[in-house]
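Down below is the structure, laid out as structure tokens.
The values are calculated or read from the model by the stated rules, or taken from the named source; none is laboratory data. Every value quoted in this text rests on a predicted model; they were computed, and no experiment measured them. Cβ coordinates were reconstructed from backbone atoms using ideal geometry, including for glycine residues, and neighbour counts include every protein chain displayed. Ligands, DNA and RNA are excluded from the accessible area calculation, which covers all protein heavy atoms including side chains. Shrake-Rupley method; radii C 1.70, N 1.55, O 1.52, S 1.80 Å.
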Amino acid sequence: MADSFKSLKRSSAEREASQDSKRVKTNGDSETKMGSKPNPYLAHLNDDAASPLDDLERHKTTAFQASKAEDSDNNPWTGHPHSQQYFKILKTRRDLPVHKQRQEFLDMYHSTQILVFVGETGSGKTTQIPQYVLYDELPHLTGKLIACTQPRRVAAMSVAQRVSDELDVKLGEEVGYSIRFENRTGPKTLLKYMTDGQLLREAMHDHDMSRYSCIILDEAHERTLATDILMALLKQIAERRKDLKIIVMSATLDAQKFQSYFFNAPLLAVPGRTHPVEIFYTPEPERDYVEAAVRTVLQIHASEPEGDVLLFLTGEEEIEDACRRISLEVDDMIRESDAGPMSVYPLYGTLPPHQQQRIFDKAPDAHRKGGRPGRKCIVATNIAETSLTIDGIVYVVDPGFGKQKIYNPRTRVESLLVSPISKASAQQRAGRAGRTRPGKCFRLYTEAAFKKELIEQTYPEILRSNLANTVLELKKLGVEDLVHFDLMDPPAPETMMRALEELNYLACLDDDGELTTLGGMASEFPLDPALAVMLISSPEFYCSNEILSITSLLSVPQIWVRPNNARKRADEMKQQFAHPDGDHLTLLNAYHAYKGAEQAGEDVKKWCHEHFLSFRHLSTADDVRSQLKRTMETHGIEFISTPFHDKDYYTNIRRALLAGFFMQVAMRESSNSKVYKTVKDDQLVMIHPGTVVTSPYDWVVYNEFVLTTKQYVRTVTNVRPEWLIEIAPNYYDVETFEKGEIKSALTRVTEKIRRRQAMKGGR
Amino acid sequence: MSKHQPPYSPEQEEEEEEEDYMTMTFDDHPPTTTNPKTQLRSKCSTPSTSTTYETSLQRHRRLRREAEARARPKSNAELAAEADARREAALSRSLFETRPESKGLAMMARMGFRGGSLGRRGDAGVKVAPITIHPRLDRSGIGLESDRKRKLREAAAAADTATKRARADEGAYRDRLRREREEARWSRQLVAAQRVLEGLDSENQSLDPDLDHGGLEGEEEGTRKREAASRPLKSIPVVYRGLIRSRETTERDRRMRHDLEHGLAQVRWREGQLPGYDDADEDGDDKMALGKERAGGTAVYVTAEDLDEEDEELEAFEGLPVEERLEKVVGYLRGKYRYCFWCKFKYPDEGMEGCPGVTEEEHD
């Protein structure tokens, strides 16, 4: 870096004249702050003091000094001259609400180790605070980085891009990001945006997080699993490492909980750029909230002044349905009562990015000059609640429902159910109407229902998740006492018990709860323990390449595309890849076909489109695969495959699946029945209709057990009961089963195996 | 399970089996295949009839019945119900209770878990049970379910008292039936009499300018009823106030339902909830023109203002038996208008000459 600083001397001399005028103006108050340090305004007289950062003293900087460094012609971090674009952005940055409190922030930052920062959406906290810290921590002197965590991958990427633009540096150099399966940082990196999960993974090898001098936990109010664990860890680390600074940033005003959790840390609040939002309730409960929502949107369109509408619904199907109904009705309104045009856009997680992007399109113009103005209506899941900011929204319609994943340890089911949101969520939704000007929020429930039926806060993820992965990570992080680990919201003890039990069956933990070699290795993979164990043991089944592919495919969203208007063709295409024995094998076939097309030099995007496969997810799976491959290589896991024409090719894979998923097996209730019973939990389930398995066996292994409208097992593959006893003898110890059909079936199988062995022995 | 059942097992074993069945499935799935057998068995092994074993014929029949039950494919509804029941049963029981032998629990105990919640602080307020799951099958809005439940409960309570009352005089069934028929007829008569009275009253009013109500609007034919309504209910003679009141209530309910179904925003406007184009420049006339303001009883429906008020006088009247009420109305008609309800005639003279009497029987 020193080299680059020298190179900018010349240019700074050239621009001296223009800088002089600025300096004169600000000279007065700088002197008081700078004290006895050499006067920076004479720097141009001294040829050696080249960098604007030279005058700054770590943890003693002021907002004024930082601003000056930002104003200089040369980039203090790279030494290159600043671009025109930089100054343009700088101007907008200084208009952000958070900028006014930069000095206040620094004062507080200097005075404490842990700081809670509350900034409403639009305050600029995510992009600005890390930069303020950068100018104070001066990482180029200490060699310690600044980390800023984000709950979402997309946010980490896009914010890193934005901040590197703001600092006028190249993304991946001074400013970078690190997310699961993708790392864009380099040796020069000073400021690193990363997902919270990624920081957690790093901490597994660096228990003190010694690479960092400051860790900023952004969007802490979202309470993701990883953020919760990080908070508990950082609380411990803060006691060991007094030089580590921690900033917890939240967008909601329930910051007191964070304060008291972090030893009564001081709080700094910055108002957002929000306008008042008027809230309306219905006089009576609604009989059909979708219907009511559509009606309300139309009513707004008919009678409210200009402004875009945001409607919250729960899932893809519901959203598409509502979009269709709204569009049809609006067409009628235009014909009949000269209403303005309205474009309707859906928004949900699985929507392809280019379609997601459409929500930022401008609202349509009036049909003719002087006609009623057009508007846009966005029908979104709760991803529009926090993660995405859409300007121009003036009306919010909130039926009060959202989809939530809730894991229940008692039957090990993952439910994905529509449930009432929390009051905090409702507030957040309403706030979306006040981004650009005063807005209105229509809640499709009564005020009494709001008060009585909604819970205060959304359940943090840690209370809703299977903790097997978390427990493994914590073990690897050196947390011995999981029971008294100081989490902000400790999970249900039963969930912990299940997690430990599952890890024990997977042989990741021994009976004393200590990490085994296998467990240590499994924790190296950014995967669920079952997947990791399956991957690690796959060479024993001679199919590690294939299992690696399947694992990658299971780690990305559904690769099958099934558009509403072409369901039948999509299903026909899927049949081309179908393997009668299993969905896992079908995934593998599709992946092989994809790679084949790629190698044949075809246009893979087009190929995917033709075959109703998601190019995006397949290519992500490909990236995941290569990342996992590297991890396997470092641990010396062999890559073995049998020739494709080997008669055991698919059988091996099916057996290998069981090595990780032996706890996710279901047995058919009776012959010819569609109903299966999950092993040990005795839950009645159906095979999800999306399966390709035409003649399911009496025993299947499944990837997921979900409760939507019914209890389903998804992504299933036929297995034989003998394999269960052979591959997971501990779990399938007949003695441990409760009396019932599964037990007697297993007893018969054990008998059979014994007889066969006896026969062999006899020979 | 049933396959290993020896036909003539010693009694000891029998009892053992018996117990196993009890512990195994009883609470979980009563309506399934094991059930008939359990019942049969328990009959067989009652101590008094210790010698009655299942004969081979019986056994054969039982096995066939069982096989049939098993072979019959369950309907989707049955399956769903069973799956739900099974899920609810499993979700409602703690794992510490159902799987005390779990190694996970042992590990936690080694870490110092002694029940209660996890975490360092061991707060009392922390929930210990996992988050419960409530599948939601329809698209009913928030608050509707509790609303509906409340109504159901009320309806059930009402039905309950009704049946109780009915049961009380079950002995005199015929009597009751006859009386009911009578009463129904009387009620019809009562309503008819009240209508006549109402008609006479309004006729009387439009003739009589002294009465404060109904002056201007009385000219219009169709507003007759409304006119009656727009004055306080209590000014109406108690003998037919009930009629007006119930009519008003029905009308109001109908309007409300109509509004709810056809004009969400209109209701809200009126409730003052959705301001719509609430232009500050608008004056009263504008608002009336836009239909935002209740223009005095013309376009917008107005209910009698005291519709929701308690009316003790009316309650006392309604509390009387139908018979008596009818008598009162008939008497009132005679007194005020010299009208005999049974002759259907308004007599010109005070003595009502030509009318056979006050009661219906006298007119036979």
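Each Lys and Arg adds +1 at its Cβ and each Asp and Glu adds -1 at its Cβ; summed about the Cα centre, chain A shows a dipole of about 920 debye. Other protein chain C-beta atoms within 10 Å of residue C-beta, averaged over A:283-292: 6. Remark on A:G272: its backbone amide H falls under 5 Å from those of A:E120, a criterion applied only to residues 5 or more positions apart or on other chains, H modelled at 1.01 Å from N.
Protein heavy-atom surface of the stretch A:561-708, 1.4 angstrom probe: 48% of the accessible area is carbon and sulfur, with nucleic acids and ligands not counted.
Helix-derived [θ] at 222 nm for chain A: sum -39500 (n - 2.57) over DSSP H runs of at least 4, divide by residue count, nearest 500?
Working: 29 runs with 326 residues, N = 763.
So the helix-based figure for chain A works out to -13000 deg cm²/dmol.
Separation of the stretch A:161-178 from the stretch A:261-279 is 28 Å, based on Cα centroids.
When DSSP beta bridges are restricted to pairs lying wholly in chain A, around 40% turn out antiparallel.
Of A:K170/A:K362; A:K403/B:K103; A:K144/A:K235; A:K60/A:K100, which ones are farther than 26 Å apart at the Cα?
On the way: A:K170/A:K362 30 Å; A:K403/B:K103 33 Å; A:K144/A:K235 19 Å; A:K60/A:K100 19 Å.
Flagged as over cut-off: A:K170/A:K362; A:K403/B:K103.
Between the helical axis of A:153-166 and the longest alpha-carbon principal axis of chain A there is an angle of about 20 degrees.
Chains A and B: how much accessible area gets covered up at their contact, both sides added, probe 1.4 Å, in Å² to the nearest hundred? Before the final figure, lay out each step's value.
Details: alone 35070 and 27610 Å², together 55920 Å².
So the buried area, both faces added, is about 6800 Å².
Each principal axis of the Cα atoms in the stretch A:658-751 has its own extent, and those three values, largest first, are 35, 24, 22 angstrom. Taking only the alpha-carbon positions of the stretch A:340-452 and ignoring solvent, what does the Debye formula give for the base-10 log of I(q)/I(0) at q = 0.11, 0.13, 0.14 Å⁻¹? Debye output, listed in q order: -0.45, -0.61, -0.69. Counting Cβ atoms of other protein chains within 10 Å of each Cβ in B:68-77 and taking the mean gives 2.
Can you give the accessible area per residue of the stretch A:687-763, in Å², using a 1.4 Å probe? Before the final figure, lay out the partial values.
Details: 4160 Å² over 77 residues.
Here the per-residue accessible area is 54 Å².
With a 1.4 Å probe and every protein chain kept in, tell me what percent of the accessible surface of the stretch A:436-512 is carbon plus sulfur.
Numbers: 1190 of 2520 Å².
In the stretch A:436-512, the share of accessible area belonging to carbon and sulfur is 47 percent.
Can you tell me the equivalent ellipsoid semi-axes for the stretch A:58-175? Use √(5λ) from the Cα gyration tensor, largest first, whole Å.
20, 18, 16
Shown here: chain A, whose C-alpha atoms stretch 101, 69, 57 Å along the first, second and third principal axes, sorted largest to smallest.
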